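Trainee: Following this message is one structure expressed as structure tokens.
The values are calculated or read from the model by the stated rules, or taken from the named source; none is laboratory data. The shown structure was predicted, so the numbers you read here are calculated from the model rather than taken from an experiment. Cβ atoms come from the backbone with ideal geometry, glycine included; neighbour counts cover every protein chain shown. Remember, those area values only see protein heavy atoms, side chains included, never the ligands or the DNA or RNA. Shrake-Rupley method; radii C 1.70, N 1.55, O 1.52, S 1.80 Å.
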Amino acid sequence: MTTKPTAVLDTFAEHLATVDLPLPVDGAEQARGQVNSARSQLADHVVPRLESLDAPLLVVIGGSTGAGKSTLVNALVGETASRSGAIRPTTRQPVLLHNPADEPWFTGTRILPGLARVRAGGEAGGRGATTGAVADTAIAGGPVPGGPAPVARSGPDEEAAGDVHPATSLELSAQARVPQGLALLDAPDIDSVAAGNRELARQLLRAADLWLFVTTANRYADAVPWEVLRTAAERDVRVDVVMNRIPDREGVSEELATDLREMLERHGIDVTHLFLVHETELDEQGMLPLAAIAELQQHFSALAADAGGRGRIARRTLAGAIAGLAGSAREIAEHARAQEAERQRLRDEALAAFTGARERIDEALGDGSLLRGEVLARWQDVVGTGEFFRGVENLVSRVRDRIGLAISGRPAPSVAAEQALGTGLVHVVIDESARGAERADAAWRATPAGRYLAEGRGLSRIPEGYREQVSTAIRAWQGDVLELVRSEGADRRTKARLLSLGVNAVGVALMVVVFASTAFVPTGLEVGAGAATAVVGQKLLETIFGEEAVRRMARVARERLSSRLDALVAERSGPFLDLLDELGDHGSADLLEADADALDQLAGTIREDA
């Protein structure tokens with residue numbers, strides 16, 4: 001089964017719809033404009049033209065403010081079909097003039113589907129005359145979903161009467177003097193003072209099969225038109241040029257025509273026809289005399305009569321437009337990669353900040369800082385201080401005796417030590433994770449993309465409920481340790497010693513061992529009280545369980561603590577990473593690259609057919 005040519009375009013349109021370039025990196029705004037332009041061109045011209053190559057050739061008449069586009073159009077049809085005047089910009093609403101027999105091609109949404117179709121009222125032969133249609137009504141077509149609904153216009157003087165906004169509607173005018181197979185679209189000024197008009201003009205030019213560029217003897221070197229002309233050349237759009245209002249003096253016409261052709265050649269713009277229109281007085285109806293536009297009118301008549309020639313122009317422009325879309329796809333893909341690279345950079349910064357926080361928590365666990373202050377005092381209540389005990393049994397006895405000295409109404413020393421250890425660890429986790437959040441937030445705010453994501457979100461603040469979440473996790477780990485102790489002390493001999501000391505006291509000893517670093521192992525140098533009590537805890541556990549079992553229990557306890565700490569720090573980094581995940585648009589660059597290759601192949605096929 002042969003794949004429809006439009007399938008390539010449909011796939012590209014689907015991929016464009018998923019492109020999201022939210023981060024303010026270099027070129028992002030331009031890339032978003034490219035995405036919108038590509039989607040517009042697909043809907044306005046490329047897809048409908050590919051589906052209906054025999055449709056009338058659309059000639060878009062564009063140019064600078066005051067170039068006389070509407071005056072030319074009116075002269076071609078022999079009546080005031082498009083308003084012209086001294087107020088700039090004069091062409092506000094685009095007007096599409098077509099032969100009455102070609103009306104079905106334009107009343108629907110085949111081209112420019114985002115513009116409502118509006119038919120002007122009037123008697124036969126008057127402005128915007130219609131054939132077999134009701135005057136003063138809006139007709140088929142309209143904005144994209146969510147846009148304004150079509151509203152009727154009823155005459156040339158009602159522009160400000162609350163009707164359809166010019167930027168959302170296309171006025172259709174059936175004209176018998178427009179040859180069948182051809183349609184003329186009078187577009188707003190490409191250099192209009194109104195931004196909406198400028199964008200609409202470019203949208204209409206992207207929908208053109210042929211562009212008739214109108215300029216004047218005074219304005220043909222202006223910068224803006226040449227920018228648009230270069231765009232047309234890049235897309236291989238067929239361009240014809242009218243130089244209007246040439247002074248009627250000997251030699252001026254030839255001199256200006258030569259200069260304009262040289263400029264066109266320097267800019268790489270291939271113009272098939274250059275029409276010269278001399279400055280001429282308008283008649284009483286404000287119309288150019290037919291003699292002034294006779295060459296242009298003959299050209300259009302010949303083009304309308306040449307179905308093969310029209311088809312070649314349509315295919316050439318279509319192939320150029322599709323090749324242009326392939327180039328756009330590659331450029332958008334590069335911007336998508338830039339966005340992904342920026343997302344990854346921000347992710348790396350956040351992860352680095354919280355990895356640092358996690359490492360600092362481990363340092364606090366291993367450097368003995370948690371075995372000082374309140375924790376040290378409560379642990380010493382359990383095991384005592386002074387010289388190391390001589391003999392295993394003596395050690396167990398002394399610890400058992402101190403545990404038994406608890407005063408009624410006070411927590412047992414082991415319970416107080418356990419609470420002090422837990423509280424100290426909670427403080428370390430909260431402090432270091434807060435510091436990690438502050439560093440991640442500061443790193444993000446150092447770049448525009450990071451500021452865009454972080455602004456107004458309070459990412460460095462400790463979330464509500466996080467303290468309780470940390471406390472709960474630490475208490476759960478301490479419960480894990482006590483369960484390890486119970487499990488390891490299940491045999492009869494060990495159980496007796498465990499019960500004589502108490503599960504909590506032995507559990508605290510295991511917690512102390514987990515927190516103690518190898519720096520606490522005596523090396524012949526004097527050691528502090530914290531190190532001494534840590535070693536006491538180690539010896540106490542070895543007395544009860546044996547050296548191998550203690551190593552195993554300490555490893556398991558540390559692994560479980562590490563797992564819970566990882567989860568707590570990950571929870572704190574979550575708001576940063578979630579913001580990045582919400583951006584989406586992962587993998588669109590590769591899809592667009594594949595689209596570009598397919599579009600190039602399609603453009604080549606169409607050129608061969610032309």
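Trainee: Kindly sort Glu284, Glu418 by accessible area of their heavy atoms, largest first, with the probe set to 1.4 Å. Walk me through the numbers on the way to the answer.
Mentor: On the way: Glu284 180, Glu418 30 Å².
Output order, biggest surface exposure first: Glu284, Glu418.
Trainee: Please list Thr71, Thr317 from largest to smallest accessible area, probe radius 1.4 Å, with all protein chains kept in place.
Mentor: Working: Thr71 25, Thr317 0 Å².
Greatest to least solvent exposure: Thr71, Thr317.
Trainee: Can you compute the charge dipole magnitude of region 218-260 about its Cα centre, using +1 on each Lys and Arg Cβ and -1 on each Asp and Glu Cβ, nothing else charged? Give it in debye, rounded to the nearest 20. Write out the running numbers ahead of the final one.
Mentor: Details: 6 positive and 10 negative charges, 40 e Å.
Using Cβ point charges on Lys, Arg, Asp and Glu, region 218-260 gives about 200 debye.
Trainee: Report the calculated FRET efficiency for Asp362 and Tyr452 (r = Cβ-Cβ distance, R0 = 30 Å), to the nearest 0.05.
Mentor: Details: r = 33 Å, r/R0 = 1.11.
With a Förster radius of 30 Å, E is 0.35.
Trainee: Got a number for carbon plus sulfur as a percent of region 243-346's accessible area, 1.4 Å probe?
Mentor: Numbers: 2530 of 5300 Å².
Its accessible area is 48 percent carbon and sulfur atoms.
Trainee: While we're on this one: Relative to the present Cα-Cα distance, how much length would full extension add between Glu262 and Asp348 at 0.36 nm per residue of separation? Before the final figure, lay out each step's value.
Mentor: Details: separation 86, 0.36 × 86 = 30.96 nm, distance 5.40 nm.
25.6 nm is the gain from fully extending Glu262 to Asp348.
Trainee: Loop only per DSSP, at most 14 neighbouring Cβ atoms within 10 Å: give me the GluC sites (Glu not before Pro) in region 235-271, ordered by residue number. Mind dumping the intermediate values first?
Mentor: On the way: sites: Glu250, Glu254, Glu255, Glu262, Glu265; in loops: Glu250.
Answer by residue number: Glu250.
Trainee: Still on this structure, I have one more. Just by accessible area at a 1.4 angstrom probe, what is the order of Leu290, Leu541 from largest to smallest?
Mentor: Values: Leu290 100, Leu541 0 Å².
Result of the area sort, largest leading: Leu290, Leu541.
Trainee: Sticking with this structure for a sec: Can you give the direction-averaged projected area of the convex hull of the alpha-carbon atoms in region 270-325, in nm²? Show your work: numbers first, answer last.
Mentor: Numbers: hull surface 22.9 nm².
Answer in nm², one decimal: 5.7.
Trainee: Points 7 angstrom from Cα along the Cβ direction at Thr280 and Thr472: gap in nanometres?
Mentor: In this crude spin-label approximation the distance works out to 8.6 nm.
Trainee: Now a separate question. Provide the FRET efficiency to the nearest 0.05 for the Glu547-His427 pair, computing r from the beta carbons and using R0 = 41 Å. Please report the intermediate quantities before stating the final value.
Mentor: Numbers: r = 32 Å, r/R0 = 0.79.
With R0 = 41 Å, the Cβ-Cβ based efficiency is 0.80.
Trainee: Stokes-Einstein diffusion coefficient for region 552-610 at 37 °C in a medium of 0.692 mPa s, Rh from the Kirkwood formula over Cα pairs: what value in µm²/s? Could you put the intermediate results ahead of the total?
Mentor: Numbers: Rh = 16.3 Å.
Reported coefficient: 201 µm²/s.
Trainee: 7 Å from Cα along Cα→Cβ at both Ala101 and Arg32: what's the point-to-point distance in nm?
Mentor: 4.8
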